[in-house]
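Visitor: Input: one structure, supplied below.
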Amino acid sequence: MNTHHPDEPASLPVEHPHSFWWHIRRYLVAGLLIWAPLAATGWIVVTLVNLMDMSLLLLPSDYRPSHWLPFPIPGLGIVLALSILLLTGLVAANYLGRRLVGLGESILDRIPFVRSIYSGIKQLLETFLSKDSRSFRKVLLVEYPSKGLWTLAFLAGDPVGEIQQKTASEVLTIYVPTAPNPTSGYVIFVPKDEAIELEMSVEDAMRMIVSLGMVVPAASKAEAAAQLNALAAPASKT
């Protein structure tokens, strides 16, 4: 006898483990995990190579590889860009080069709008590329935007001057990125004793932010090794 009421929704079929559709879904996810990262990585690499190849436009038309090669070779722009950087570094490292760089910077410093952009970008690059700099080399856990809510942040530096003088306690300059785009965020100043330093690497923190918290790094190297051993171990038969 059928006791199903006409107003009640029919129950959906349950997907039991090890069924046909369970295996299909498992294989589709496994294939996606292989091809999606490869496709995204290939797209990023091709985009960067094409962007670097635009540096070939700096050469006169008669000296460009497309003028004397029967087919284009991707990546030649990278060689040219690296050569320009290396040559510029060699010139700037000697006495005459430093004088020329100083002369050029003094000219830019006289242009009101340009000097702000140039000095800001140069100072930012010097901070990132300096070996002694602590900027963006530590991951912090801070309560933001309010008490009881925790977020990942990066140490940007130690504030000096007026900011430090007018705060009641020693503060840190930190950068709070937004997800999934960490290139946008907020620069805030927090008391040093209210920031928790994590052992997490900057790369792991970036992956966690970009993945919207779905990619969580292991709490320690021992836990990471245990997870790898668990993945490598053959599944037990039930």
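Visitor: So for the pair Ser201, Lys122, with labels modelled 7 Å out along Cα→Cβ, what separation do we get in nm?
Guide: Roughly 3.4 nm, to one decimal.
Visitor: With θ taken as phi - 60° and the coefficients 6.51, -1.76 and 1.60, list the Karplus ³J(HN,Hα) couplings across the range 45-62 in order, rounded to whole Hz; mark glycine and proline as x.
Guide: 5, 5, 5, 5, 5, 4, 5, 5, 5, 5, 5, 5, 5, 6, 7, x, 4, 6
Visitor: Taking the beta-carbon count within 10 Å as an exposure proxy, list Ser116, Ser55 from fewest neighbours to most.
Guide: Ser116, Ser55
Visitor: Computed from the mean reciprocal separation of all distinct C-alpha pairs, what Kirkwood hydrodynamic radius does the range 139-216 have, in Å?
Guide: In the range 139-216 this quantity evaluates to 13.0 Å.
Visitor: Here is a follow-up. Identify, among Met200, Leu149, Gln165, the residue whose Cα sits farthest towards the positive end of the charge dipole of the range 139-216, taking +1 on the Cβ of Lys and Arg and -1 on the Cβ of Asp and Glu, with the dipole about the Cα centre.
Guide: Checking the options against the dipole of the range 139-216, the answer is Leu149.
Bear in mind these aren't lab numbers, they're just calculated from the coordinates by the rules spelled out. Computed from a predicted model, the values in this text were never measured in an experiment. Neighbour counts run over all protein chains shown; Cβ positions are idealised from the backbone, glycine included.
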